[in-house]
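Participant: The structure follows.
The values are calculated or read from the model by the stated rules, or taken from the named source; none is laboratory data. On a predicted model such as this, the values are computed, not experimentally measured, just so you know. Every residue, glycine among them, receives a Cβ derived from its backbone with ideal geometry; neighbour counts consider all protein chains shown. Keep in mind that these areas ignore ligands, DNA and RNA; they rest on the heavy atoms of the full protein, side chains included. Shrake-Rupley method; radii C 1.70, N 1.55, O 1.52, S 1.80 Å.
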Amino acid sequence: MMRPYQRRDFLRASAASMAALSASPAARAAAEPRPSRKVTSANDSLNVAVVGVRGRGMDHVRGFLGQKDQGVRITAVCDVDENVVGNAMKAIESADGSAPRLVRDVRELLDDPEINIISVATPNHWHSLMGIWACQAGKDAYVEKPVSHNVWEGRQLVEAARKYDRIVQCGTQCRSHKGIQDAMEFLRSGKLGTVYMAKGLCYKPRGSIGQGKLQPVPEGLDYDLWTGPAEFHKPGDASVYNPNILHYNWHWVWNTGNGDLGNQGIHQMDLARWGIGKDEFPKAVQSAGGRYGYEDDGETANTQTVNFEYDDVLLQFEVRGLPSNDEMGIKIGDIFFGTEGILTITSYTDWQTYFGHKMEPGPKGSGGGDHYANFIEAVRTRDRSTLNAEIEQGHLSSAFCHLGNIALRLGRKLHIDPATESFVDDSEANAMLRRDYRAPYVVPDQV
C-alpha cells in the first residue's frame with residue numbers, strides 16, 4: 001500500500017498534469033522541441049525521470065541510483081497506476097533522503113527543463129512514442145527493449161534521435177558486459193573459421209495465462225494513458241478492461257506486446273545479429289509455429305522458429321515456451337557455428353568455444369558490466385559512438401523480432417528490401433510494418 005502522502009501527491013499531480021497539458025502546447029504530442037539544460041561538466045547533476053516502475057522500471061531505478069557518484073539523481077517517477085509506485089518511491093527516498101516528484105502523464109515531464117533524461121520502462125507499445133517525445137523535448141533517453149512495437153516506429157525513433165542530436169540507449173544490457181564483448185571479439189578474430197550460421201535460443205517456460213473477464217477500471221489506474229497508442233480491451237470503451245492482461249500478460253497479445261521473440265528473445269536476437277556483423281535487414285524471413293498446448297487470452301506464439309537469410313550467413317531463432325530439452329547446455333543464449341568450431345553464449349555474461357568434430361573445449365570467458373554507467377558517460381560527453389547499445393542497434397534488433405512475427409502471422413516467406421526496410425511487392429506484409437495509432441498518442445510521420 002502507498003503511504004498517504006504518496007496517494008495525495010499522485011492525485012494532485014494528475015490534476016496538475018491535465019491542466020498543464022491543456023495549457024501548454026509544448027507538453028502535447030505535437031510539441032515543438034524544447035532543449036533541456038546543457039550538461040557541460042561532470043559536476044553538474046543529471047536529473048532522471050523513470051517512466052513505468054512496476055517491472056523493468058525497478059531495474060532502471062536501481063541502475064540510476066547506482067550512478068549517484070556520477071551526479072545522477074532520480075527526481076521524478078511516472079506511472080499511470082498509483083497502485084504500483086510504492087516500491088520505487090520508497091527505494092528512491094531511502095537512497096536520497098527525499099521522495100521524487102510523482103506524476104501520472106509523461107507529457108508533464110517534457111515541459112520540465114530540469115529533467116535531463118527520460119528512462120522508459122513501459123509496455124512495448126509505448127516505447128517508441130515516449131522516446132520520440134523525449135527527443136523532441138530535448139531530453140536524452142534510455143529506452144527498454146524492444147525499442148518499438150513495430151518496425152516503422154523504431155526507425156522513426158532513430159530519426160528523432162538524429163534530428164535532435166540526442167543520446168538514446170537501448171536496454172539490451174548484454175552489450176555492456178565484458179564477457180559478451182570478449183565473445184564478439186573472438187568471433188571477429190577468425191579463429192572459428194568462417195561463421196556461417198548463428199542461432200538464438202529462447203527456451204523459457206511460459207504457462208497458460210488463463211482467461212480474464214472485462215471489469216470496471218479500478219481506482220488509481222488511468223487506463224486511457226496505459227493504453228496510449230494501442231486499442232482498448234473493449235474497443236472504444238475506456239471504462240472496462242481485462243485485468244488478466246495488466247501488468248505483465250500484455251506481452252502475449254499483439255495489441256501491446258510482441259511475444260517472447262520480442263520479450264526475452266530480443267536479447268538473444270541482438271547477440272546473434274551482433275555476432276554475425278549484420279547492421280542491415282536480411283534479404284528474406286520465414287517463420288513457423290503457434291500458440292500450442294492451451295487456450296487462453298494469449299495470441300503470440302509459445303513455439304516458433306524463424307530463419308533470416310543473407311547471402312553469406314543464416315540467422316536462426318527458436319522460441320520454446322513449453323517443456324523442452326536444452327541445446328549444448330543452453331536454454332537461453334546463442335550458438336555461433338564456424339567452419340572450424342562453435343562458440344556458445346550460455347548466459348548474459350559467459351561464453352565457451354569448442355573445436356573440431358569432437359567438440360574439444362577451447363577458450364572461454366566471463367564478465368559483467370554496467371549499461372547505465374555507459375549511458376551516463378555518453379550523456380556527459382555527448383558522443384553517441386560510445387554507447388554500447390545506440391538506438392539504431394536497438395531498432396535493428398527489435399525490427400528482426402517484428403519481421404519474424406509478421407512472417408509467422410502471414411504464414412509465408414517474405415522477401416525484403418534492406419535499403420527501404422520494407423517487403424518486396426507485398427502490400428499485406430508492408431501494412432504490418434506499422435500500426436493504426438489511437439489519437440492523440442500518434443507516432444508522427446515527420447519527427
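Participant: Give me the distance in nm between label points sitting 7 Å out from Cα along the Cα-to-Cβ direction at T339 and D96, one decimal.
Facilitator: Here the answer is 5.6 nm between the modelled labels.
Participant: Given the options G220, G200, L271, identify the residue whose Cα lies farthest towards the positive end of the charge dipole of region 200-283 (+1 on Cβ of Lys, Arg; -1 on Cβ of Asp, Glu).
Facilitator: G200
Participant: Go through region 228-236 residue by residue and turn each phi into a ³J(HN,Hα) via Karplus (6.51, -1.76, 1.60, θ = phi - 60°); whole Hz please, and just put x for glycine and proline.
Facilitator: Once θ is set to phi - 60°, the couplings for region 228-236 become x, x, 8, 10, 5, 4, 10, x, x Hz.
Participant: In whole percent, how big is the carbon plus sulfur part of the accessible area of the chain, probe 1.4 Å, protein atoms only?
Facilitator: Answer for the chain: carbon and sulfur cover 49 percent of the accessible area.
Participant: Towards the positive end of the charge dipole of the chain, with charges on Cβ (+1 Lys, Arg; -1 Asp, Glu), say which of P282, I117, L129 has the farthest Cα.
Facilitator: Highest projection toward the positive end goes to I117.
Participant: Tally Lys and Arg at +1 and Asp and Glu at -1 over the other residues with C-beta under 13 Å from the C-beta of I276: what net charge comes out?
Facilitator: Within the 13 Å Cβ shell, the charges total -3.
Participant: Still on this structure, please answer the following. Size of the dipole of region 159-256 about the Cα centre, Lys and Arg at +1 and Asp and Glu at -1 on the beta carbon, nothing else charged, in debye to 20?
Facilitator: 660
Participant: Taking K199 as the anchor, which lysines have their alpha carbon closer than 30 Å to its alpha carbon, excluding any fewer than eight residues away along the same chain?
Facilitator: Result set, ordered by chain and number: K145, K178, K191, K278, K283, K331, K358, K364, K413.
Participant: Here is a follow-up. Amide H neighbours of R54 under 5 Å, at least 5 residues apart or on other chains, H built in the peptide plane: list them.
Facilitator: Amide H neighbours of R54: none.
Participant: Karplus couplings for region 103-108 from phi (6.51 cos²θ - 1.76 cosθ + 1.60, θ = phi - 60°), rounded to Hz, Gly and Pro as x?
Facilitator: So the Karplus estimates, Gly and Pro as x, are 10, 9, 10, 4, 5, 5 Hz.
Participant: Continuing with this model, one more query. Quick one: plug the Kirkwood hydrodynamic radius of region 127-196 (C-alpha pairs) into Stokes-Einstein at 10 °C, 1.306 mPa s, and report D in µm²/s.
Facilitator: The diffusion coefficient I find is 116 µm²/s.
Participant: In the chain, what % of DSSP beta bridges are antiparallel (nearest 5)?
Facilitator: 65
Participant: Quick check: pseudo-label points 7 Å beyond the Cα along Cα→Cβ at T305 and R382, how many nm apart are they?
Facilitator: If labels sit at T305 and R382, their model points lie 5.1 nm apart.
Participant: Using the Karplus equation 6.51 cos²θ - 1.76 cosθ + 1.60 (θ = phi - 60°), what ³J(HN,Hα) coupling, rounded to whole Hz, does each residue of region 54-68 give in order, writing x for Gly and Pro?
Facilitator: Running phi through 6.51 cos²θ - 1.76 cosθ + 1.60 with θ = phi - 60° gives 7, x, 4, x, 5, 5, 4, 4, 5, x, 6, 4, x, 9, 4 Hz.
Participant: With the crude spin-label approximation of a point 7 Å out along Cα→Cβ, what separation in nm comes out for R438 versus R162?
Facilitator: Label at R438, label at R162, 3.2 nm between them.
Participant: Over all alpha-carbon pairs of region 354-447, lay out the pair-distance distribution in 5 Å bins, whole %, shortest bin first.
Facilitator: Reading upward from the zero bin: 2, 9, 12, 12, 12, 12, 14, 13, 7, 3, 2, 1.
Participant: What does the charge add up to near W351, with Lys and Arg as +1, Asp and Glu as -1, over the other residues with Cβ less than 12 Å from its Cβ?
Facilitator: -2
Participant: Would you mind telling me which residue in S128, S347, S98 has the biggest mean-square fluctuation in a Gaussian network model of the chain, where springs connect alpha carbons within a distance under 10 angstrom?
Facilitator: S98
Participant: Accessible area per residue for region 278-350 in Å², computed with a 1.4 Å probe and the full protein assembly in place, what is it?
Facilitator: 43
Participant: Separation of region 280-337 and region 129-172 by C-alpha centroid, Å?
Facilitator: About 27 Å separates the Cα centre of region 280-337 from the one of region 129-172.
Participant: Near the amide H of I332, under 5 Å away, which other amide H atoms are found, from residues 5 or more places off or on another chain, if H is placed in the peptide plane?
Facilitator: For I332, whose amide H was placed from the backbone, the distant partners under 5 Å are Y203.
Participant: Shifting gears a bit: Skipping prolines and chain starts, which residues have an amide H placed within reach, meaning under 5 Å, of the one on L46, given they are 5 or more residues away or on another chain?
Facilitator: V72, R73
Participant: Now, a different point. Straight-line reach from K213: which lysines have a Cα under 28 Å away, not including same-chain ones fewer than 8 places off?
Facilitator: K204, K234
Participant: Can you order the peptides 180-187, 212-219 by their average number of other Cβ atoms within 10 Å per residue, highest first?
Facilitator: The peptides rank, most packed first, as 180-187, 212-219.
Participant: Taking only DSSP H segments of four or more residues, each worth -39500 (n - 2.57), what value at 222 nm results for the chain once the sum is divided by all its residues, to the nearest 500 deg cm²/dmol?
Facilitator: The helix contribution divided over the chain gives -9500 deg cm²/dmol.
Participant: For every other residue with a beta carbon closer than 9 angstrom to the beta carbon of K204, add +1 if it is Lys or Arg and -1 if Asp or Glu, then tell me the sum.
Facilitator: Residues close to K204 contribute a combined charge of +2.
Participant: With +1 assigned to the C-beta of every Lys and Arg and -1 to the C-beta of every Asp and Glu, and no other charges, what is the dipole magnitude of region 349-436 about the Cα centre in debye, to the nearest 20?
Facilitator: The dipole magnitude comes to about 200 debye.
Participant: For region 301-447, build the charge dipole from Cβ charges (+1 Lys, Arg; -1 Asp, Glu) around the Cα centre, then report which of C401, F375, L322 sits farthest towards its positive end.
Facilitator: So the residue furthest toward the plus end is L322.
Participant: If you don't mind, another one. Given R₀ = 35 Å, FRET efficiency for D224-Y348 by Cβ-Cβ distance, to 0.05?
Facilitator: 0.45
Participant: Dipole of the chain, Cα-centred, from +1 at each Lys and Arg C-beta and -1 at each Asp and Glu C-beta, to the nearest 20 debye?
Facilitator: Here the size comes out at about 680 debye.
Participant: For the ranges 192-203, 251-262, 59-70, 131-142, what's the packing order if you count other beta-carbon atoms within 10 Å of each residue, average per peptide, and put the highest first?
Facilitator: Per-residue Cβ counts within 10 Å, averaged per peptide and sorted highest first, yield 131-142, 251-262, 192-203, 59-70.
Participant: Now for a separate question. Quick one: how many Å² of K178 are accessible to a 1.4 Å probe, rounded to 10?
Facilitator: Counting only protein heavy atoms, the figure is 110 Å².
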